[in-house]
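Note sheet for the following structure.
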Amino acid sequence: MDAHHRRIFRLVNRLVQERDRHSDRETVAEAIGEMIKYSSDHLTAEESMLREIDFPGLDGHVQLHKAFRSSVGTMVLRSLESDPPSLGEVLEFLHNWWTNHILVEDMKYRDLALTSRGESP
């Protein structure tokens, strides 16, 4: 999961770079699309891993993932309407959500994941 998390932050950083470069809408949309796709793949892999290690907080963790997917879906729908979210709004949401999720929520299963692999926490 650590490699996944590093890639997520690289993708967020790419969005920051695209914003700072004042990239065209198509380039930004491509970067956001890549972020959404990778986020979905990561969350699915994480849920699978949590089932494998029998994480007792699985249901709550899955609910957090569902809320993320719902928020992203709302932003995508807004982007198709007359009130699209700004890139700054998207970046703020992604940065805050992923930072909290990785540094707070994912730490709740860290020790169990390590011990299930035979590593010490």
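The values are calculated or read from the model by the stated rules, or taken from the named source; none is laboratory data. Fair warning: this is a prediction, and the values are worked out from it, not measured in the lab. Backbone-built Cβ (ideal geometry, glycine too); neighbour counts: all protein chains shown.
Does any residue of segment 2-20 turn out to be more than 18 Å from Leu94 (Cα to Cα), more than 12 Å from the chain's Cα centre (by Cα) and not hydroxyl-bearing (Ser, Thr, Tyr)?
no
Mind listing whichever residues of segment 55-69 are free of Cβ contacts under 8 Å to residues at least 40 places away in the same chain, farther than 15 Å from His4 by Cβ and not charged (D, E, K, R)?
Residues satisfying the conditions are Pro56, Leu58, Gly60, Val62, Gln63, Ala67.
What are the residues in segment 1-31 that are within 24 Å of Val62 (Cβ to Cβ) and hydrophobic (A, V, I, L, M, F, W, C), if any?
Met1, Ala3, Ile8, Phe9, Leu11, Val12
Find the residue count for segment 15-68, including only residues that are part of a helix (DSSP H, G or I), among the small types (Gly, Ala, Ser) and surrounded by 14 or more Cβ atoms within 10 Å (Cβ to Cβ).
Count: 3.
For segment 74-121, how many residues are under 30 Å from Arg25 (Cα atoms) and not β-branched (Val, Ile, Thr)?
The qualifying residues number 24.
Report yes if Val28 is farther than 20 Å from Asn100 by Cβ and hydrophobic (A, V, I, L, M, F, W, C), otherwise no.
yes
Since Arg10 meets every condition but one in (1) more than 24 Å from Ser116 (Cβ to Cβ); (2) touching a residue at least 12 places away in the same chain (Cβ under 8 Å), which condition does it not meet?
Checking Arg10 against (1) more than 24 Å from Ser116 (Cβ to Cβ); (2) touching a residue at least 12 places away in the same chain (Cβ under 8 Å), the one that fails is (2).
Matching residues to (1) among the hydroxyl-bearing types (Ser, Thr, Tyr); (2) assigned to a helix (DSSP H, G or I); (3) in contact with a Lys or Arg (Cβ under 7 Å, 6 or more places away or on another chain); (4) modelled with pLDDT under 90:
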{"position": "Thr74", "(1), (2), (3), (4)": "yes, yes, no, yes"}
{"position": "Leu77", "(1), (2), (3), (4)": "no, yes, no, yes"}
{"position": "Asp83", "(1), (2), (3), (4)": "no, no, no, yes"}
{"position": "Phe93", "(1), (2), (3), (4)": "no, yes, no, no"}
{"position": "Val104", "(1), (2), (3), (4)": "no, yes, no, no"}
{"position": "Ala113", "(1), (2), (3), (4)": "no, yes, no, no"}
{"position": "Glu119", "(1), (2), (3), (4)": "no, no, no, yes"}
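Collect the residues in segment 23-51 that are within 20 Å of Gly88 (Cα to Cα) and aliphatic (A, V, I, L, M), keeping them in residue-number order.
Once the filter is applied, which keeps residues that are within 20 Å of Gly88 (Cα to Cα) and aliphatic (A, V, I, L, M), segment 23-51 yields Val28, Ala29, Ala31, Ile32, Met35, Ile36.
Check Glu81, Glu92, Glu34, Glu52 and return the single one that is closer than 22 Å to Asp2 by Cα and more than 19 Å from the chain's Cα centre (by Cα).
Answer to the check: Glu52.
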